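Notes to accompany the following structure.
Just so you know, all these numbers are worked out from the coordinates, no wet-lab data involved. Being a predicted model, the structure only gives us computed values, none of them experimental. Cβ placement follows ideal geometry from the backbone for every residue including glycine, while neighbour counts extend to all protein chains displayed.
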Amino acid sequence: MRLAILDYGLFEVYANGRRIGIPGYYMESGDRRVLVDTGFHRDYLADPLGVCLADGLGAFGRLIEYTDQQNPAAQLGLLGVSPADITDLVLTHGHIDHVGRIDEFPQATLYVSAVERIRPTPLYWNGQSRIAWPANQTVTVEAPTDIVPGVCLIPTPGHTMGHLSLVLTLPAYGTIILAADAISRPDELADDRYADAEDPRAARQSAHMQRQRAQHDAAWLVYGHCPQQWQSMRRAPYWYT
Ligand SMILES: [Zn+2]
């Protein structure tokens, strides 16, 4: 079992000037090849500002870095892996910066929460969607689910009602919690405010649950979009083992 952290670009949030990394994750466990999240849609490559406006992101922020290397296929390439090798594709939730290239892995089994999959399209942004659900074989997740040895999906509702976090067990490193947007950055816990969440009360509960789990297991807690932590993390082709 090993983990690589993938770089899908950098986004600027106008309200606070925060520059947030857009992460993906890749894990190998036995003969299984697991990809988590897929970044922004490929349309952003040619016309980032135009597509930002079309997607209703105009007042919220903009994608300030999205090169032809900051997508799943290129990042996997750094690891010697091809998109066709992916056996399992996990969507933490359907927002615009996670779901964009979900259609590039038709052979993979897709894991998504039942509450999000039941919607006609992925959540995307602002009530509109550039993305359709792909025809992949799909497993809908409603409870903690081990998908491969060392990788467990944990429902963490609140940010979105179907949000999923991951708990990984690495042989040398120990436990790693990929909170994704259940805890976007540590200020959310420090301020105990989850204003951006679909359901702030549920988000609070999920965030506290993940922090408790991290303390209990002495785990590394990986936030969804923490600018400082993003700068400090080692990314592909580095392996956490
Ligand atoms: Zn989100």
How much net charge surrounds GLU65 when only the other residues with a Cβ under 13 Å from the Cβ of GLU65 are counted, with Lys and Arg +1 and Asp and Glu -1? -2
If contacts are Cα pairs under 8 angstrom and at least 6 residues apart, what is the relative contact order of the chain in percent? 20
LEU189 neighbourhood, Cβ < 12 Å, K/R = +1, D/E = -1, net charge 0
Final fewest-first order of MET27, MET209, MET161 on the 10 Å Cβ neighbour count is MET209, MET161, MET27
Which of HIS41, HIS216, HIS159 moves the most in a Gaussian network model of the chain with Cα springs under 10 Å? HIS216
Residue exposure sequence - HIS163, HIS95, HIS208 - by fewest surrounding Cβ within 10 Å: HIS208, HIS95, HIS163
Collect residues whose amide H, placed 1.01 Å from N in the peptide plane, falls under 5 Å from the amide H of ARG18; neighbours closer than 5 in sequence don't count. VAL13
Would you mind computing, in nm to one decimal, how far apart the modelled labels at ALA172 and THR241 are, each placed 7 Å from Cα along Cα→Cβ? 0.5
Can you classify the range 148-241 as rounded, prolate or oblate using the Cα gyration tensor, where a ≥ b ≥ c are the square roots of its eigenvalues, rounded means a/c under 1.5, and otherwise it's prolate if a/b beats b/c and oblate if not? prolate
Would you kindly calculate the translational diffusion coefficient of the chain, applying Stokes-Einstein with the Kirkwood radius from alpha carbon pairs, for 37 °C and a viscosity of 0.692 mPa s, and quote it in µm² s⁻¹ without decimals? 185
Under the rule of at least 5 residues apart or a separate chain, name every residue whose amide H is placed under 5 Å from the amide H of THR175. LEU170, TRP220
Within the set ILE147, ILE96, ILE86, GNM on the chain using Cα springs under 10 Å gives the largest fluctuation to ILE147
Residue by residue, what Karplus-based ³J(HN,Hα) values in Hz, rounded to whole numbers, does the range 169-185 have, using 6.51, -1.76 and 1.60 with θ = phi - 60° and x for Gly and Pro? 10, 9, x, 9, 6, x, 8, 10, 9, 8, 5, 6, 7, 5, 9, 5, 7
If R0 is 45 Å, what FRET efficiency do you get for GLN205 and LEU49 from their C-beta distance, rounded to 0.05? 0.75
Please compute one quarter of the surface area of the Cα convex hull for the range 29-81 and express it in square nanometres. 4.5
